[in-house]
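Undergrad: Structure in structure tokens, see below.
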Amino acid sequence: MRVPYVAANWKMHKTVAETEAFLAELLPKLPDGGPEVVVCPPYPSLARAVELCGDRVAVAAQNMHEEPSGAFTGEVSAPMLVEIGVGAVVLGHSERREHFGESDEALARKLPAALDAGLQPILCVGENEGQRDAGETEAVLTRQLEADLAGLGDDRLGGLVVAYEPIWAIGTGRTATPEQAQETIAVIRAWIAARSSEAGDAVRILYGGSVKPDNAAELISKPDVDGALVGGASLEPSDFLAIVEAA
Ligand code: PGA
């Protein structure tokens with residue numbers, strides 16, 4: 001049994017004050033039990049979010065550098081995140097791949113660095129519209145998984161969270177159909193299971209891309225869809241809560 005997982009990817013939204021206001025509204029309303037809930041604020045709000053969330057909600061960073069320290073101006077390392085109580089990190093989001101040159105080679109180093117430091121990685125993969133239209137979705141995902149997970153032994157794959165995020169659905173209001181999400185996530189799970197059948201059963205694979213309160217339940221009801229990585233609809237506590245409840 002995989003515990004469902006719902007993460008709020010705030011991207012470059014919310015100041016510390018806005019983070020406090022969001023959590024003050026969300027935390028008292030969260031159901032007992034239910035899915036694992038994670039919020040991913042920008043760096044300046046991480047420490048305050050950790051303080052406020054306690055044990056009920058995990059806090060994730062949206063990126064990290066693979067080295068523990070060094071001459072890398074502007075970067076933040078995994079041990080620095082762990083020191084302030086951050087529990088997870090989003091890696092390989094398509095916005096980082098597209099706008100900031102995040103490479104598969106860097107991801108292959110970041111994933112073991114995150115796990116070594118004690119962070120739960122949330123690895124994002126997904127195809128763009130042209131690739132889907134050309135029937136290349138499976139090839140693109142396989143290429144990303146092969147390259148990004150090259151630095152991890154088979155025994156570590158089950159501890160990952162993977163987010164399948166079709167780029168054409170991110171922030172566009174166009175959601176993959178529950179059938180597309182199921183079919184594609186099953187491909188990802190099969191790829192991981194081919195390396196380790198235990199990991200294939202254990203790894204949690206989320207869908208991300210215009211998840212909203214009115215489509216979350218159907219997406220997450222699919223057998224291989226273990227939860228959601230939510231962008232736009234995670235900025236309002238009531239919308240995010242509705243998605244948590246749907247999971
Ligand atoms: P969206 O973003 O829900 O706004 O489409 C999802 C994401 O980028 O993780």
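Undergrad: What are the residue pairs meeting all of these: first residue in the stretch 220-247, first residue free of Cβ contacts under 8 Å to residues at least 60 places away in the same chain, second residue of a type in the set (Val, Ile, Thr) and part of a loop (DSSP other than H, G, I, E, B), Cβ atoms under 8 Å, and 6 or more apart or on different chains?
TA: Here the result reads 233/211, each pair linking the stretch 220-247 to a residue that is of a type in the set (Val, Ile, Thr) and part of a loop (DSSP other than H, G, I, E, B).
Undergrad: Starting from the stretch 199-217, keep only residues that are under 20 Å from residue 187 (Cβ atoms), then list their pairs with residues that are in a strand (DSSP E or B) and of a type in the set (S, T, N, Q) whose Cβ atoms are within a distance under 9 Å, requiring at least 6 positions of separation or different chains.
TA: Qualifying pairs under 9 Å: 208/9.
Undergrad: While we're here: If the Cβ limit is 6 Å and pairs must be 6+ apart or interchain, which residue in the stretch 84-111 that is over 21 Å from residue 7 (Cα atoms) pairs with which residue that is buried (at least 20 other Cβ atoms within 10 Å of the Cβ) and modelled with pLDDT under 95?
TA: none
Undergrad: For residue 186, are the conditions met, namely being modelled with pLDDT of 95 or more, among the small types (Gly, Ala, Ser), surrounded by 14 or more Cβ atoms within 10 Å (Cβ to Cβ) and out of contact with any Gly (no Cβ under 8 Å at 6 or more places or on another chain)? Steps first, answer last, please.
TA: Working: modelled with pLDDT of 95 or more: yes; among the small types (Gly, Ala, Ser): yes; surrounded by 14 or more Cβ atoms within 10 Å (Cβ to Cβ): yes; out of contact with any Gly (no Cβ under 8 Å at 6 or more places or on another chain): yes.
It is true that residue 186 is modelled with pLDDT of 95 or more, among the small types (Gly, Ala, Ser), surrounded by 14 or more Cβ atoms within 10 Å (Cβ to Cβ) and out of contact with any Gly (no Cβ under 8 Å at 6 or more places or on another chain).
Undergrad: Any idea how many residues of the stretch 16-67 are of a type in the set (Gly, Ala, Ser) and touching a helix residue (DSSP H, G or I) at 6+ places or on another chain (Cβ under 7 Å)? I'd like the intermediate steps shown before the answer.
TA: Residues of the stretch 16-67 of a type in the set (Gly, Ala, Ser): 17, 21, 24, 33-34, 45, 47, 49, 54, 58, 60-61.
Keeping just the survivors that are touching a helix residue (DSSP H, G or I) at 6+ places or on another chain (Cβ under 7 Å) gives 34, 45, 49, 61.
Residues meeting the conditions: 4.
Undergrad: Which residues, taken from the stretch 122-174, are among the basic types (Lys, Arg) and touching a helix residue (DSSP H, G or I) at 6+ places or on another chain (Cβ under 7 Å)?
TA: From the stretch 122-174, those among the basic types (Lys, Arg) are 132, 143, 156, 174; that's our starting set.
If the condition is that a residue be among the basic types (Lys, Arg) and touching a helix residue (DSSP H, G or I) at 6+ places or on another chain (Cβ under 7 Å), then 132, 156, 174 are the ones that fit.
Undergrad: Next question, about the same structure. Can you tell me which residue in the stretch 215-247 is farthest from the ligand (Cβ to nearest atom), limited to those that are over 21 Å from residue 25 (Cα atoms) and either over 15 Å from the mean Cα position of the chain (by Cα) or polar (S, T, N, Q) (or both)? Show your work before the answer.
TA: Of all residues in the stretch 215-247, those over 21 Å from residue 25 (Cα atoms) come to 215, 217-227.
Now restrict to residues that are either over 15 Å from the mean Cα position of the chain (by Cα) or polar (S, T, N, Q) (or both): 215, 217-219, 221-224.
Values: 215: 11, 217: 16, 218: 15, 219: 11, 221: 18, 222: 17, 223: 22, 224: 18 Å.
Out of the qualifying residues, it is 223.
To keep it simple, each residue is scored yes or no on (1) of a type in the set (Lys, Arg); (2) more than 15 Å from the ligand (Cβ to nearest atom); (3) surrounded by fewer than 16 Cβ atoms within 10 Å (Cβ to Cβ).
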position	(1), (2), (3)
17	no, yes, yes
51	no, yes, yes
85	no, yes, yes
90	no, no, no
110	yes, yes, no
122	no, no, no
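Undergrad: May I pose another question? Among what's in the stretch 27-40 and is part of a loop (DSSP other than H, G, I, E, B) and modelled with pLDDT of 95 or more, pick the residue that is surrounded by the most Cβ atoms within 10 Å (Cβ to Cβ).
TA: Within the stretch 27-40, the subset part of a loop (DSSP other than H, G, I, E, B) is 30-35.
Then drop every residue that is not modelled with pLDDT of 95 or more, which leaves 30, 35.
Numbers: 30: 17, 35: 22.
In this case the residue turns out to be 35.
Undergrad: Counting only residues that are within 19 Å of residue 132 (Cα to Cα) and exposed (fewer than 15 other Cβ atoms within 10 Å of the Cβ), which one in the stretch 149-183 is nearest to the ligand (Cβ to nearest atom)?
TA: My answer is 171.
Undergrad: Further question on the same structure: Would you confirm whether any residue within the stretch 197-214 is under 15 Å from the mean Cα position of the chain (by Cα), buried (at least 23 other Cβ atoms within 10 Å of the Cβ), within 15 Å of the ligand (Cβ to nearest atom) and part of a loop (DSSP other than H, G, I, E, B)?
TA: Looking through the stretch 197-214, at least one residue is under 15 Å from the mean Cα position of the chain (by Cα), buried (at least 23 other Cβ atoms within 10 Å of the Cβ), within 15 Å of the ligand (Cβ to nearest atom) and part of a loop (DSSP other than H, G, I, E, B).
The values are calculated or read from the model by the stated rules, or taken from the named source; none is laboratory data. Keep in mind that what you see is a predicted model, and the values were worked out from it rather than measured. Cβ sites come from the backbone with ideal geometry, for glycine too, and all protein chains shown count toward neighbours.
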